[in-house]
Amino acid sequence: MTQSTSHLTAELSPSSLLPVNKAATDADSRRTRLREFQSHLLERMQAARSGAEAQESQLGLLIGQSRWLLNLQEAGEIVAVDKISRVPLTHDWFLGLSNVRGSLISVIDFARYQGQGLTQIDKECRIVAFAPTFSFSSGLLVSRVLGLRNVAQMTLQPAESIDSTGAKRYVDSESQVWTELSMARILQDPRFLQVGL
């Protein structure tokens, strides 16, 4: 056996062919799929913002147990929940501050703000920031981003079903109720701007 052949055999010996850590591979695969999903969603959101589809395509969100539709013009960045630093002497729906790409934004648990229970933060949760046009460095904690929904394929509920804030309600083909979420309307609520106790 030549020296080069023996060297190659040593490199391919059973001890050098240890199995790859399956958990690490699975985690990498999940991260890759998540990046691809977020990239695809961002592309669709940008395409929808630029055309007539903007009025029909809304971003579907699960907040607490309720389904919401957010106009794409009002949505900023959507990011996974990272560290949130608490701020003392604030309402429990004001979760604190989070660093999003180098900018501090305040994070509001919108379900809790509406009187529901606190949102349990898990890997599905996201922070949906207000669009830059609002010049308001804040974001809403949502339980899950459900992707784009076409309101043209939903049934608008009668005027009497509109909630106290004036938000419209829709029903989809699976009888799921969706409520219009307006970031602009949220900013007009004095209670939203008074985070201190």
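Would you confirm whether or not the stretch 121-133 contains a residue that is farther than 15 Å from G76 by Cβ, without any contact (Cβ under 8 Å) to a residue 40 or more places away in the chain and loosely packed, with under 11 Cβ neighbours inside 10 Å? Checked against the condition, which is being farther than 15 Å from G76 by Cβ, without any contact (Cβ under 8 Å) to a residue 40 or more places away in the chain and loosely packed, with under 11 Cβ neighbours inside 10 Å, the stretch 121-133 yields at least one hit. The residue that is surrounded by the fewest Cβ atoms within 10 Å (Cβ to Cβ), counting only those in the stretch 86-101 that are at pLDDT below 95 and part of a strand (DSSP E or B), is N99. The residues of the stretch 127-167 that are part of a helix (DSSP H, G or I) and either under 13 Å from I186 (Cβ atoms) or at pLDDT below 90 (or both), listed by number, are F134, A159, E160, S161.
For the stretch 168-197, the candidate set comprises residues that are basic (K, R) and crowded, with 16+ Cβ neighbours inside 10 Å; within that set, the residue that is modelled with the highest pLDDT is R169. For the stretch 102-110, the condition holds for no residue, the condition being that it is within 17 Å of L72 (Cβ to Cβ), surrounded by 13 or more Cβ atoms within 10 Å (Cβ to Cβ) and in contact with a strand residue (DSSP E or B) (Cβ under 7 Å, 6 or more places away or on another chain). Restrict the check to the stretch 112-119 and report whether at least one residue is in a strand (DSSP E or B) and either among the polar types (S, T, N, Q) or open to solvent by less than 30 Å² (accessible area, probe 1.4 Å) (or both). No.
The values are calculated or read from the model by the stated rules, or taken from the named source; none is laboratory data. This is a predicted model, so every value here is computed, not measured. Backbone-built Cβ (ideal geometry, glycine too); neighbour counts: all protein chains shown. The protein model used for the area step is the full one, side chains on, heavy atoms only, and it has no ligands, DNA or RNA in it. Shrake-Rupley method; radii C 1.70, N 1.55, O 1.52, S 1.80 Å.
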